[in-house]
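Just so it is clear, none of the values below were taken in a lab; they were calculated from the coordinates. Since this is a predicted model, take the numbers as computed values, not measurements. Every residue, glycine as well, gets a Cβ built from its backbone with ideal geometry; the counts of neighbours run over all protein chains shown.
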Amino acid sequence: QVRLVEAGGGLVQPGGSLRLSCAASGSIFTINDMGWYRQAPGKQRELVAAITTDGSTNHADSVKGRFTISGFNGQNTVYLQMNSLKPEDTAVYYCNAEAKTSSNARVMDFWGKGTLVTVSS
């Protein structure tokens, strides 16, 4: 199995910044891409940002210009720099990895337990 451990969540005032990190470990043969999702109360989980092995990134329209995903790059650690935070960014943020645990295993989705980000004055 692939284990993902997130860190960096917390309470921040509107306009503030936070940096999330996610470290992957365990039976990793290869990781295709890593990303961040979030789920607010009463809402479905949504993609925030993702990054591939070649460094290509994708950010949700709602966070473009404010959030930046980085890392991965063979280190199996991904970051999410969140600036200009808004109350609507409040959610549990989950790390995701699409990975294989062996050469003949299929690609699977692995998830962290999540870290809570609360944006409030």
The correct pair for the chain, radius of gyration to one decimal and Dmax as a whole number, both in Å and from Cα atoms, is 14.1, 50
Given backbone amide H placed at 1.01 Å from N, residues whose amide H is under 5 Å from that of Arg3, ignoring those fewer than 5 places away on the same chain, are Ser25, Gly26, Ser27
For Asp33, the residues 5 or more places away or on another chain with a placed amide H closer than 5 Å to its own amide H are Glu98
Among Ala97, Ala50, Ala23, the residue with the largest mean-square fluctuation in a Gaussian network model of the chain built from Cα contacts under 10 Å is Ala23
Computed over region 57-115, the relative contact order (Cα-Cα under 8 Å, seq sep at least six) in percent reads 22
Applied in sequence order to region 6-22, the curve 6.51 cos²θ - 1.76 cosθ + 1.60 (Karplus, θ = phi - 60°) yields integer Hz couplings, x standing for Gly and Pro, of 8, 8, x, x, x, 9, 9, 7, x, x, x, 10, 9, 10, 9, 10, 9
If one builds a Gaussian network model of the chain from Cα atoms under 10 Å apart, the most fluctuating residue listed among Lys86, Lys43, Lys100 is Lys43
Among Lys64/Lys100; Lys86/Lys113; Lys43/Lys86, the pairs whose Cα-Cα distance exceeds 19 Å are Lys64/Lys100; Lys86/Lys113
Charge tally for neighbours of Thr53 with beta carbon under 12 Å away, counting Lys, Arg as +1 and Asp, Glu as -1, is -3
Site Arg45, offset 7 angstrom along Cα→Cβ, radius 12 Å on amide nitrogen, limited to region 105-121, gives 109-115
